[in-house]
Amino acid sequence: MHPALSVIVFTVASGAGYGLLATLALLAALGTIAPSLPLGLAGFGLALALVTGGLLSSTLHLGHPERAWRAFSQWRTSWLSREGVAAVATYLPAGLLALLFTFFAPGRATLAILGLLTAAGAVATVLCTAMIYRSLKPIHAWCNQWTVPGYLALGAATGLALAFAVLAAFGVPAAGPVGIAAIAALAAAWWVKRAYWSFLDTVPAASTPESATGLGRIGKVRLLDPPHTGANYLAREMGFRIARKHATKLRAIAMVAGVVLPAALVAVALATTQPLASLAAWLAALLALAGALVERWLFFAEAKHTTMLYYGAASA
Amino acid sequence: MTGYVTPRRRLGLVIDLDTCVGCHACAVNCKEWNTGGHSAPLTDLDPYGPAASGVWFNRIHSFEAGEGRAGRTVNFPRSCLHCDEPACVTVCPTGASYKREEDGIVLVNPDTCIGCKLCSWACPYGAREYDEDEGVMKKCTLCIDRIYNETIPEAERVPACVSTCPAHARHFGDLGDPASEVSRLVAERGGYDLMPELGYRPVNKYLPPRPGRPAPPPQPAEPDAEGLTGFLGWVDRMLSR
Amino acid sequence: MERLDPSPPVSDEVKHTTCYMCACRCGIRVHLRNGQVRYIEGNPDHPVNRGVLCAKGSAGIMNHYSPARLRKPLKRVGERGSGEFVEIAWDEALAIAESWLREAREKDPRRLAFYTGRDQSQGLTGWWAQMYGTPNYAAHGGFCSVNMAAAGLYTLGGSFWEFGEPDFERTKLFLMFGVAEDHDSNPIKLGLAELKRRGATFISVNPVRTGYSAIADRWVPIRPGTDGALVLALVHELLKARRVDLDFLADYTNAGWLVIDDPRGPDDGLFARDEAGTPLVLDRGGAPRPWNGEGVRPLLARPATLADGRRAKPVFLLLAERYLDERYSADAAAAITGVPAEEIRGLAAELARVAFDERIEIDQVWTDWRGVTHDRFVGRPVSLHAMRGISAHANGFQTCRALHLLQLLLGAIDTPGAWRYKSPYPRPAPPPIRPGGKPGELGPGKPMPRPPLGFPMGPEDLLVEADGRPVRLDQGYSWEAPIAAHGLMHLVIRNAWAGEPYPIDVLFLYMANMAWNSAMNAAGTVAMLTDKHADGSYKIPRIIYSDAFFSETVPYADLVLPDTTYLERYDCISLLDRPIGKAEGPGDAIRHPVVPPDRDVRPFQDVLLELGARLGLPGMVTEDGSPRYPGGYADYIVNHERAPGIGPLAGWRGPDGALHGKGPPNPRQLERYIAHGGFWHYELPSEALFFKFANKAYLDHAVAFGLIAKAEPIVLQLYVEPLQRFRLAARGHGPIQPPEHLRERVATHCDPLPAWHPPFEGQMVSEAAFPLHAVTQRPAAMYHSWGSQNAWLRQIHGENRLYMNRGTAAALGIADDDWVHVTSHHGRITVQVRLMEGVEPHTVWTWNAIGKRAGAWNLDPRAREATHGFLLNHLISELLPDGRLPNADPITGQAAWYDLRVRVEKAAVAPEAVEPALPPLARPPGLADPPRLLRYGAQFGRSPERRRVTAA
Ligand SMILES: Nc1nc2c(c(=O)[nH]1)N[C@H]1C(S)=C(S)[C@@H](COP(=O)(O)OP(=O)(O)OC[C@H]3O[C@@H](n4cnc5c(=O)[nH]c(N)nc54)[C@H](O)[C@@H]3O)O[C@H]1N2
Ligand SMILES: Nc1nc2c(c(=O)[nH]1)N[C@H]1C(S)=C(S)[C@@H](COP(=O)(O)OP(=O)(O)OC[C@H]3O[C@@H](n4cnc5c(=O)[nH]c(N)nc54)[C@H](O)[C@@H]3O)O[C@H]1N2
Ligand code: SF4
Ligand code: SF4
Ligand code: SF4
Ligand code: SF4
Ligand code: SF4
Ligand SMILES: [Mo]
């Protein structure tokens, strides 16, 4: 699949944003962090900025962004619609929580209710995003049991890494456990992605040129001529191909830069004092984000669509 | 609107791969009809330049199956199959993509489509065509503005691709009616679904190429010890009858 | 809910005319909305296409509105080829053409060479050339399929090509040789559909398995140029198995005609004749008698002694003696063709089984020319069809003759289930027209007594000077090509440039892209068009060209006469040319303007008639010198009479339109055609539908319609006597003899019985250096060069590859998508390959005419057609490797495109674009930048105002 920048940025930013949002909301609900203007501005501000930026970025690839409001109508069948609904629904508790947390000092109960609602909304939204891909049967690389865990784990890992950086910067005591949680989430992401890639490398797609054409009864099927000598929308959208050795290299980069290094840096941050701790924490967060971008790029680039079986692909 | 009710009729195409010569007539006539029809226009980008590409609802591929002489070249037209389980419809966030209850035709409403392209990802068959100029998704309409068109003679109310196909390799009808001509063809010729494993339950069916007919073994030539003389004698005998 | 209108009116007006996106002549309905073309569809009532329409036909809108259309007459002001033109008014253009043409005619009409391409007005253009007085005229047939036409016309009085068709409704076994698309594009497809519906067997003999061959029940991959060997082996096997239709041969062919056996005599190999000149047969009573004598029935296998004591043999005996020889065995053919011997024998057996054991009968009383009544038509349901895979070889004439021989042995000509003549055929074999332009018939200002093209019966009909040199610029009807029934278009530019056999003044071309895809040696041709004498004058002094579009040839003209598109003019698909007759009866058709031109262009036929009138050509002016057809071509179509009562159109003749076939002109004839959907078609009575060559009812009808002169039987010619006359001359008999260097060639190839010889190019180059055959195929969705301007079609075929057998490529270390050098004795190209299974291992092929010269057709100079499209024509030479003889069939002069031999090597570095790349052509004035975005049809849709985002 064509790795469209807007979609990659959207999923990474919103994943990280919702991860950050959910972390802060949960901490607030638990009372682990107390309302504060600077933390509110920085923490919730960053989370909402990422989420909103991501969502806006996602409308960039629409043919008719001005009609985007129509996308909320099909929540009964469409995960994309559900994602929109969930995102918007999450704004309510999240906005309120951010507002109260930053500028007022709401009671514990309010924080708990809003925090839990916000966290639930954030997770639900990321889940919807993941389900958009998980539900696409023509794309073997997406329509499998690893897609949802992958999105959740990466959202959590990048979100927690960001949360750790924010909290560490403010010297909030919760930073420690959050840092440990971030390392755990990064480890989980590492495990999920490894499992995902081994699945991709070993489990072939159900569809083949033979099943796509029904001509397997004659023998092995090869494309002789595509319908048109030129390109078309489908080929541009779905015909993206990445060489094996490229993919392997990028997988390694994503894992090292996006998981191993950030985890190590978080550990460094936990073990050191400011300003080094903050520096390491922010570097970890940025690396995690960068790694997630590479991972997401690969998530598209490595995905093959059954349509390409009609254009000469030997497998889907 | 969630999903749809099982359609009353299942209108669709049956494509005979044993007869299709890959001439692209159906594809071009489809383009011609539809560029001024329900989905007008079927935009072409860079039409006279190096990167010409356009919106087409029907495209003709050709494949080779098997090896050498034992194999076969098969021309393979591909358009929307008007699936009974059209994920292209269910993934659509706006409802612009829908399947009609009365005949099962899958359509896109260009006035509400936001151009998110998700339906094209959801279609395994590559049957959705994005119009980059108009920012909306387009697709085969099963010539909805022909098959019900009361301004054209009744006998001609079939999809453009069907009426134009010079090899009569395309058939149109109600595949929900077991007694219809198309259903009969499918039953007789072993019509099949593309990628049945994905469970989209396409309405359109493909008829497989018939097996070839290898040369029969030569008949033993008549014993002809006398060679040319014998042959000429035979001619004389035959003629003097 | 969606606004959905399931019933929008398609158009506000529907006009019926004839398609011209190719030469198939399908009937179309053009739907117009607000004067613009909304939709073109097949006319269901039309006999040719019965409602279907091919890809090209459906893309007619895009040709009609093409940005490559020429807009105004052009006069060259820069160097030839530079594209520097000025737009001029028609008056000036016509005055220039008139002066050039007048000057040439007054000097020597031969100084005009007038050649036309894919046009359908040869009835007019040939007559114009005759009236002008130049023999240097031909249409595209010479490089197209004259082998098929000539072989058929001399053998059957009809031919494959578009003059006959398999009886698709009844045939049980259809054998197709070397056809990818053919002129009968839609009818063949309709026919194949019919075969499939009925479960008849379809066998395709073709080195490549695509298109029609893809759906064949059996594909027989054959080595190019070897079909003759295969077919004569089938003949051998049939004879050996005694499975031939002796009655058919005796009754309808010249199998029984006696051939003089007098090896040294001047009449050796000619028919023994009585005093009246009637060929003799050995009657079953044992005496030689005129073949058509009362009650005469010939013996086929017995030699005879003639009254003068000379010996003679019936044709059939000669034939049996020759083809029963082991030289023609299946085993011998297997080694040549690559088709296993068992398979050849099996095929022969299958042909015989279907022809004889599965014969079909139609209960229909009919009467033959002798007056004998038969109670049924007996059919041999084996049908053959062949085209350029046979004709485009230098042995194509004889190979096509072999195919006809096979049909005749099976009795499978014009019987139910067999190959059938399409009206206006059959005609006498060959038709009784001799080529005009013998030396004494030419002179300044003088018309020729006969049309330039015809059918020689012997040396006396050749167009040669006393010293044996050709009269015609293209060497047609000379000893190089004695039966050049369509001329040798591929030699015209070369000979005009070389001044051989003489220089000319004006080269007048119409609708032929001679500087590109119909040139052999394309780059060399361009060089000849621009080559100059030492004094700076062009070797070809003046070039006039009529095209409708900015083709590769336009920049090489001195004067460009822009034509209309097919939707803007009258045309006439006439019985005098290549009409739309069917086996069931004659038919013809018209085109008429369905939309007015929006440019300053004129129909070429109008222009030609006007030039004729200005020159005062006979028939084109009245006694007082005023134009005879002031109303242009439409006027001519209605009022011209070739012979009394015979005009361009056969339908609705006579003052009130009541007559068909012959009759005085009808002033309202065109209106009748338009009211009837643009065509006329007549169904023959059922007793006249088969055995037309001998069917009294048919022959009478044909006379009544003016198709043949006399209701005499047409005897099918197994043995073609005119060829023997040329051979005798080569042996030294008679006053007109070939020059020494051609004696041997004429004696060898002018064989009255079909023979096979390996193609010349293959004989002259080394097998080791050029091990592969290279051929082209027509893509169904593209018509020669003129489809590339079409925004829709060029998306389908915007570039081409060299297709190679997967195994062959592997042995050469070539992988899919690799770039390769393809080298012939003449040149080299560098192109990209695609590997496939369905191609004979010694063959490489590509689609024809997809490659374009950069800049032409108003395409972006970086168009894929120029960077990734290529022509094989760069590798093909118009002369044989010896540099002397034409690369053509030795009998007809048919261009031998498919004799090309090449080697293929992997290119060390992949180039950016195909090679060679000729410099880009400059756009002529008047043409605008083509649009970057095409939304054709938006104006008819439900929301034409929808936005436009990207114009990239
Ligand atoms: N390598 C190779 N070369 C081949 C062949 C092959 O098989 N292989 N085939 C050969 C054969 S059989 C043929 S017939 C020739 C065909 O070759 P050409 O006769 O050159 O055919 P086209 O390329 O169609 O070119 C016809 C010209 O007519 C112009 N034209 C189109 N419509 C109109 C019109 O309405 N009016 C006028 N005035 N002009 C118009 C087009 O713009 C174009 O320039 O090619 C030959 N060349
Ligand atoms: N769509 C479309 N239709 C056309 C045209 C076009 O350009 N496009 N051009 C028109 C013109 S001008 C013509 S002349 C006709 C020609 O129509 P066709 O006769 O169909 O011409 P080609 O496409 O040259 O096909 C020749 C076939 O012969 C095969 N072949 C080559 N060499 C041999 C051989 O030695 N033996 C055998 N058995 N087969 C061989 C090739 O593989 C190819 O399939 O088509 C006409 N119709
Ligand atoms: S028109 Fe018919 S024969 Fe031609 S490509 Fe389409 S389905 Fe095949
Ligand atoms: S073929 Fe594709 S677009 Fe058509 S209904 Fe099925 S899934 Fe939808
Ligand atoms: S592109 Fe249009 S039709 Fe397709 S899913 Fe998006 S909104 Fe629906
Ligand atoms: S049914 Fe109509 S829209 Fe669909 S492929 Fe055929 S012609 Fe095109
Ligand atoms: S075959 Fe196609 S292009 Fe040729 S006349 Fe018929 S419809 Fe037109
Ligand atoms: Mo041709």
Go through region C:762-795 and count every residue that is in contact with a Gly (Cβ under 9 Å, 6 or more places away or on another chain), part of a helix (DSSP H, G or I) and away from ligand 8 (no atom under 15 Å from the Cβ). 4
Output for region C:461-476, where each listed residue is under 26 Å from the mean Cα position of the chain (by Cα) and surrounded by fewer than 16 Cβ atoms within 10 Å (Cβ to Cβ): none
Given the conditions (1) away from ligand 6 (no atom under 13 Å from the Cβ); (2) on the phi > 0 side of the Ramachandran plot; (3) away from chain A (no Cβ under 11 Å), report the number of the one that B:GLY115 does not fulfil. (3)
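Which residues, counting only those in region C:612-662, are on the phi > 0 side of the Ramachandran plot and in a loop (DSSP other than H, G, I, E, B)?
Those that are on the phi > 0 side of the Ramachandran plot and in a loop (DSSP other than H, G, I, E, B): C:GLY616, C:GLY619, C:GLY625, C:GLY645, C:TRP652, C:GLY654, C:GLY657, C:GLY661.
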Is it the case that region A:298-306 has a residue that's under 24 Å from A:SER198 (Cβ atoms), of a type outside the set (Lys, Arg) and open to solvent by 50 Å² or more (accessible area, probe 1.4 Å)? no
Among the residues in region B:162-185, are any within 11 Å of chain C (Cβ to nearest Cβ), out of contact with any Ser or Thr (no Cβ under 9 Å at 6 or more places or on another chain) and more than 20 Å from C:ARG198 (Cβ to Cβ)? yes
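Is it the case that B:THR94 is among the β-branched types (Val, Ile, Thr), crowded, with 24+ Cβ neighbours inside 10 Å, within 7 Å of another protein chain (Cβ to nearest Cβ) and in a strand (DSSP E or B)?
Numbers: among the β-branched types (Val, Ile, Thr): yes; crowded, with 24+ Cβ neighbours inside 10 Å: yes; within 7 Å of another protein chain (Cβ to nearest Cβ): yes; in a strand (DSSP E or B): no.
No.
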Of all residues in region C:297-333 being touching a residue at least 60 places away in the same chain (Cβ under 8 Å) and small (Gly, Ala, Ser), which is nearest to the other protein chains (Cβ to nearest Cβ)? C:ALA320
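Residue under question is C:PHE356, and the condition is that it be assigned to a helix (DSSP H, G or I), farther than 30 Å from C:LEU772 by Cβ and either open to solvent by 10 Å² or more (accessible area, probe 1.4 Å) or more than 16 Å from ligand 5 (Cβ to nearest atom) (or both); does it hold?
Values: assigned to a helix (DSSP H, G or I): yes; farther than 30 Å from C:LEU772 by Cβ: yes; either open to solvent by 10 Å² or more (accessible area, probe 1.4 Å) or more than 16 Å from ligand 5 (Cβ to nearest atom) (or both): yes.
The answer is yes for C:PHE356.
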Among (1) at the interface with another protein chain (Cβ under 8 Å from one of its Cβ atoms); (2) within 30 Å of B:ALA215 (Cβ to Cβ); (3) touching a residue at least 12 places away in the same chain (Cβ under 8 Å), the one test that B:GLY66 misses: (3)
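Any residue that is buried (at least 19 other Cβ atoms within 10 Å of the Cβ), within 14 Å of chain B (Cβ to nearest Cβ) and closer than 27 Å to C:VAL208 by Cα - is there at least one of those in region C:925-933?
No; the residues of region C:925-933 include none that is buried (at least 19 other Cβ atoms within 10 Å of the Cβ), within 14 Å of chain B (Cβ to nearest Cβ) and closer than 27 Å to C:VAL208 by Cα.
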Counted residues in region C:482-529 being of a type in the set (Ser, Thr, Tyr) and within 22 Å of C:CYS22 (Cα to Cα) come to 2
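Look through C:ARG311, C:ARG273, C:ARG297 and report the one residue that is out of contact with any Phe, Trp or Tyr (no Cβ under 6 Å at 6 or more places or on another chain) and under 27 Å from C:LEU406 (Cβ atoms). Even if it seems obvious, please write down each step before you answer.
Numbers: C:ARG311 fails: under 27 Å from C:LEU406 (Cβ atoms); C:ARG273 fails: under 27 Å from C:LEU406 (Cβ atoms).
Unique residue meeting the criteria: C:ARG297.
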Restricting attention to region A:43-80, report how many residues are hydroxyl-bearing (Ser, Thr, Tyr), under 25 Å from A:LEU114 (Cβ atoms) and within 14 Å of chain B (Cβ to nearest Cβ). 0
Evaluate region B:187-194: report whether one residue or more is over 12 Å from the mean Cα position of the chain (by Cα), more than 14 Å from every other protein chain (Cβ to nearest Cβ), surrounded by fewer than 23 Cβ atoms within 10 Å (Cβ to Cβ) and not in a loop (DSSP other than H, G, I, E, B). yes
Condition first: touching a residue at least 60 places away in the same chain (Cβ under 8 Å), out of contact with any strand residue (DSSP E or B) (no Cβ under 8 Å at 6 or more places or on another chain), open to solvent by 10 Å² or more (accessible area, probe 1.4 Å) and away from ligand 6 (no atom under 16 Å from the Cβ). Now tell me which residues in region C:41-69 satisfy that. C:PRO67
If we only count strands (runs of 3 or more DSSP E) wholly inside region B:119-179, which ones have 3 or more residues that are open to solvent by less than 20 Å² (accessible area, probe 1.4 Å)? B:128-131, B:136-139
Out of B:ILE114, B:ILE147, which single residue is near ligand 5 (Cβ under 10 Å from one of its atoms) and of a type in the set (Val, Ile, Thr)? B:ILE114
Does region C:183-224 hold any residues that are among the polar types (S, T, N, Q) and facing chain B (nearest Cβ under 9 Å), and which are they? C:SER185, C:ASN186, C:THR201, C:THR210, C:SER213
What residue, of B:ILE105, B:ILE60, B:ILE15, is within 12 Å of chain A (Cβ to nearest Cβ) and either free of Cβ contacts under 8 Å to residues at least 60 places away in the same chain or touching a His at 6+ places or on another chain (Cβ under 7 Å) (or both)? B:ILE60
If I go through region B:24-58 residue by residue, how many of them are assigned to a strand (DSSP E or B) and touching a Gly at 6+ places or on another chain (Cβ under 8 Å)? 3
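Residue-wise test of (1) of a type in the set (Gly, Ala, Ser); (2) in contact (Cβ under 8 Å) with a residue 60 or more places away in the chain; (3) more than 16 Å from ligand 4 (Cβ to nearest atom).
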residue: C:ALA849; (1), (2), (3): yes, yes, yes
residue: C:PRO861; (1), (2), (3): no, no, yes
residue: C:GLU878; (1), (2), (3): no, yes, yes
residue: C:PRO881; (1), (2), (3): no, yes, yes
residue: C:ALA888; (1), (2), (3): yes, yes, yes
residue: C:LEU900; (1), (2), (3): no, yes, yes
residue: C:ARG903; (1), (2), (3): no, yes, yes
residue: C:PRO911; (1), (2), (3): no, yes, yes
I need the full set of residues from region C:52-99 which are within 16 Å of ligand 7 (Cβ to nearest atom) and part of a helix (DSSP H, G or I), in order please. C:ALA55, C:LYS56, C:GLY57, C:SER58, C:GLY60, C:ILE61, C:MET62, C:ASN63, C:HIS64
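Taking region B:31-51 as the region of interest, how many residues are hydrophobic (A, V, I, L, M, F, W, C) and open to solvent by 10 Å² or more (accessible area, probe 1.4 Å)? So that I can check it myself, show each step before the final result.
Step one: list which residues in region B:31-51 are hydrophobic (A, V, I, L, M, F, W, C), which gives B:33, B:40, B:42, B:45, B:51.
Right, trim to open to solvent by 10 Å² or more (accessible area, probe 1.4 Å) and you get B:45, B:51.
The number of residues fulfilling the criteria is 2.
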Might you check whether a residue that is crowded, with 24+ Cβ neighbours inside 10 Å and within 16 Å of ligand 7 (Cβ to nearest atom) occurs anywhere in region C:121-142? yes
Set C:ARG884, C:ARG828, C:ARG834: member being open to solvent by 20 Å² or more (accessible area, probe 1.4 Å) and either within 14 Å of chain B (Cβ to nearest Cβ) or in contact with a Pro (Cβ under 7 Å, 6 or more places away or on another chain) (or both): C:ARG834
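Is it true that some residue in region C:482-500 is β-branched (Val, Ile, Thr) and under 26 Å from C:LEU699 (Cβ atoms)?
There is at least one residue in region C:482-500 that is β-branched (Val, Ile, Thr) and under 26 Å from C:LEU699 (Cβ atoms).
The values are calculated or read from the model by the stated rules, or taken from the named source; none is laboratory data. Predicted, not measured: the structure shown is a model, and the values here were computed from it. We place every Cβ from the backbone using ideal geometry, glycine too, and count neighbours over all the protein chains shown. Each accessible area value is taken on the protein alone, full model and side chains, heavy atoms only, with ligands, DNA and RNA left out. Shrake-Rupley method; radii C 1.70, N 1.55, O 1.52, S 1.80 Å.
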